[in-house]
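Participant: I'd like to ask some things about the structure below.
Bear in mind that the values in this text are calculations on the coordinates, not laboratory data. Computed from a predicted structure; not experimentally measured. Glycine also receives a Cβ, built like all others from the backbone with ideal geometry; neighbour counts cover every protein chain displayed.
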Amino acid sequence: GSLAQVVNAALANQSRFDEMKEFFGDVGEGHAVRAERQASVRPSSEEPLDIDYDEFPDGVVIADRHGRIVVFNRAATRITGIDATSALGRELADALPLEDLEGRNWWRCTDPYGGLAIRTGQPETHLLLPGGRDVLATARFVREGRTVQRVIVGLRDTSARARAERRHADLIATVAHE
């Protein structure tokens, strides 16, 4: 499942994550209900909630309205190989240089701060870091009105998925051969 599904599962099981639901939103809600709730309970866009992002199994990177990284959790460091202390405070696109599989700069294509103001994010996409490290990334653009206040990026390592796909392909080849 996606990072949003992981977050929603954690929210359903642990009441201490009630603030996270307000911050991330509930993926299952309709846009009108979500927009109404966000308008009434939106935390200050300048301050991340008091959440231990290192508890997340997936990488979490959050940039403020200026595009500067304010959260870079332990899983993001493990997945990307980028040290959190070097990423914090830097421009999102500079600290996390993601490219699509054709070599295009993903941030230039996605343009969360300058692109269409109606966009709320990007679905999970297979991307590359310098050196060819594979990651799965998804993004959410948190807006107040038409202005992006935060960009939340979820990162996943692709190695476990690749191993499972290889095992599945091997099984199919074995069955087809017999």
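Participant: 5 Å is the cut-off here: which amide hydrogens, built 1.01 Å from N in the peptide plane, fall below it relative to R90, excluding neighbours closer than 5 in sequence?
Facilitator: Excluding prolines and chain starts, which carry no amide H, the hits are I69.
Participant: Also, I was wondering about something else. Rounded to whole Hz and in sequence order, give me ³J(HN,Hα) for segment 80-85 from the Karplus expression 6.51 cos²θ - 1.76 cosθ + 1.60, θ = phi - 60°, writing x for Gly and Pro.
Facilitator: Working through the residues one at a time gives 8, x, 9, 6, 4, 5 Hz.
Participant: Right, another one. Within segment 67-113, report the GluC sites (Glu not before Pro) that DSSP leaves as loop and that have at most 11 other Cβ atoms within 10 Å.
Facilitator: Here the sparse-neighbourhood loop sites are E102.
Participant: Separate question: Which residue, chosen from I79, P97, G121, occupies the Cα position most advanced towards the positive end of the dipole of segment 59-172, where the dipole is computed from +1 (Lys, Arg) and -1 (Asp, Glu) charges on Cβ about the Cα centre?
Facilitator: G121
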